[in-house]
Amino acid sequence: MAIYHYTNLTTLIEYILPTKTLKSSSFSNMNDPRESNPWSMGSINLPYEKIFPEYYSDKTHIDCQYKFGQIIKERFQIICFSGAQQKGWDNEMMWSHYADNQKGVCLEFDEDLLMVEAKKMLPNVDILLKEVNYITKKKEKPWVNWNNILSIEENINNYASILSQKVIFHKSHFWEKEDEKRLLFLNYVENVFLPYGQSLTAIHIGLGFPRAYLPAIESLIEGTSIKLYTMIYERDKYIRWNLTRKDGDWFTSIDKS
């Protein structure tokens, strides 16, 4: 199955194609306010004095709840895609919001091949690729049940695992037009630079893409089987045409796939 990642021109030709990687973002950097705003985590048995031994006091109790929330959020590294239910490359809202208002691109990936690359890179990390569910009712964060038999690290990892199922793959219904799938690296606190290998199958060029940069893309994908498409807006919807170069000139043809 294909999944789609929208991005701008600069990110494409300066980072993604030259390095052949996709960079993850931490949960704090998501644009959903429920995800990006500070989290406060509380529990009747949460041992703040052990987690923050040099900092915790009655006066810092509330602050420690937020500090613990930040620790949990740092356990989620995410790469976002579209195309969970729809074909993915013709999402007008995504082209506007994430591809620099039509001037960027939409990258098409084979999700099975991408997962092979992810597991090859980080074989000991829990990696999940799942659709986001969009809900009208607020999703409550589960309660922190601290196990005194386990270490601090084990407790934090366990809670992050529970939270990943309850919160990470659920968003407000206001976001449902994103048709999102998330690639989650669980309990991994550093940005992931994921080699995409052979999983990048096509690049869709936006309506406002500066055509002077096409040779740059061409040179960066030379020797690969990556297809180029150019977007056309016709009869109030996107269609895609094949984009090829011959004898120094660019040609388009109707895509029949």
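Being under 14 Å from the mean Cα position of the chain (by Cα), at pLDDT 95 or above and under 18 Å from Asp32 (Cβ atoms) holds for only one residue in Leu107, Leu183, and it is Leu183. Six or more apart or on different chains, Cβ under 6 Å: which pairs go from a residue in segment 56-70 that's closer than 14 Å to Ile156 by Cα to one that's surrounded by 12 or more Cβ atoms within 10 Å (Cβ to Cβ) and aromatic (Phe, Trp, Tyr)? Could you list them? Matching pairs, first to second residue: Gly69/Trp39.
The set of residues in segment 179-195 that are open to solvent by 10 Å² or more (accessible area, probe 1.4 Å) and over 23 Å from Ile162 (Cα atoms) comprises Asp179, Phe193, Pro195.
Looking at segment 231-240 only, could you name the residues that are surrounded by fewer than 17 Cβ atoms within 10 Å (Cβ to Cβ) and in a strand (DSSP E or B)? Let's see the steps before the verdict.
Just the residues of segment 231-240 that are surrounded by fewer than 17 Cβ atoms within 10 Å (Cβ to Cβ), to begin with: 232-237, 239.
Matches in segment 231-240: Ile232, Tyr233, Glu234, Lys237, Ile239.
Based on what the data block shows, is Pro215 out of contact with any helix residue (DSSP H, G or I) (no Cβ under 9 Å at 6 or more places or on another chain), farther than 21 Å from Asp112 by Cβ and at pLDDT 90 or above?
On the way: out of contact with any helix residue (DSSP H, G or I) (no Cβ under 9 Å at 6 or more places or on another chain): yes; farther than 21 Å from Asp112 by Cβ: yes; at pLDDT 90 or above: yes.
Yes, satisfied.
Kindly check whether there is at least one residue in segment 15-31 that is without any contact (Cβ under 8 Å) to a residue 12 or more places away in the chain, within 25 Å of Leu150 (Cβ to Cβ) and more than 15 Å from the chain's Cα centre (by Cα).
No: segment 15-31 contains no residue that is without any contact (Cβ under 8 Å) to a residue 12 or more places away in the chain, within 25 Å of Leu150 (Cβ to Cβ) and more than 15 Å from the chain's Cα centre (by Cα).
Determine if segment 249-257 includes at least one residue that is under 18 Å from the mean Cα position of the chain (by Cα), open to solvent by 90 Å² or more (accessible area, probe 1.4 Å) and either within 30 Å of Phe76 (Cβ to Cβ) or among the hydrophobic types (A, V, I, L, M, F, W, C) (or both).
Restricting attention to segment 249-257, the residues satisfying the condition of being under 18 Å from the mean Cα position of the chain (by Cα) are none.
For segment 249-257, residues under 18 Å from the mean Cα position of the chain (by Cα), open to solvent by 90 Å² or more (accessible area, probe 1.4 Å) and either within 30 Å of Phe76 (Cβ to Cβ) or among the hydrophobic types (A, V, I, L, M, F, W, C) (or both): absent.
Filter segment 130-142 for residues that are polar (S, T, N, Q) and not in a loop (DSSP other than H, G, I, E, B) and give the result.
At the first step, the residues of segment 130-142 found to be polar (S, T, N, Q) are 133, 136.
Selection gives Asn133 alone.
Considering each residue of segment 217-230 in turn, at least one proves to be open to solvent by 30 Å² or more (accessible area, probe 1.4 Å), without any contact (Cβ under 8 Å) to a residue 24 or more places away in the chain, outside any loop (DSSP other than H, G, I, E, B) and not aromatic (Phe, Trp, Tyr). Are there any pairs, at least 6 apart or on different chains, whose C-beta atoms fall under 6 Å, with the first in segment 104-116 and part of a helix (DSSP H, G or I) and the second buried (at least 24 other Cβ atoms within 10 Å of the Cβ) and at pLDDT below 95, and if so, which? Between residues of segment 104-116 that are part of a helix (DSSP H, G or I) and residues that are buried (at least 24 other Cβ atoms within 10 Å of the Cβ) and at pLDDT below 95, there is no close pair. None of Ile127, Ile156, Ile203 is of a type in the set (Val, Ile, Thr), part of a helix (DSSP H, G or I) and surrounded by 15 or more Cβ atoms within 10 Å (Cβ to Cβ) except Ile156. Restricting the search to helices (runs of 4 or more DSSP H) fully inside segment 26-81 and requiring at least 1 residues that are of a type in the set (Gly, Ala, Ser), open to solvent by less than 30 Å² (accessible area, probe 1.4 Å) and over 30 Å from Tyr196 (Cα atoms) gives 61-73.
Of all the criteria given as (1) in contact (Cβ under 8 Å) with a residue 12 or more places away in the chain; (2) open to solvent by 70 Å² or more (accessible area, probe 1.4 Å); (3) farther than 16 Å from Lys73 by Cβ; (4) in a loop (DSSP other than H, G, I, E, B), the one not satisfied by Ile149 is (1).
The values are calculated or read from the model by the stated rules, or taken from the named source; none is laboratory data. Owing to the predicted nature of the structure, the values given are computational and were not obtained by experimental measurement. With ideal geometry, Cβ positions are generated from the backbone for all residues, glycine too; neighbour counts draw on all protein chains shown. For accessibility, only protein heavy atoms count, side chains too; no ligands or nucleic acids. Shrake-Rupley method; radii C 1.70, N 1.55, O 1.52, S 1.80 Å.
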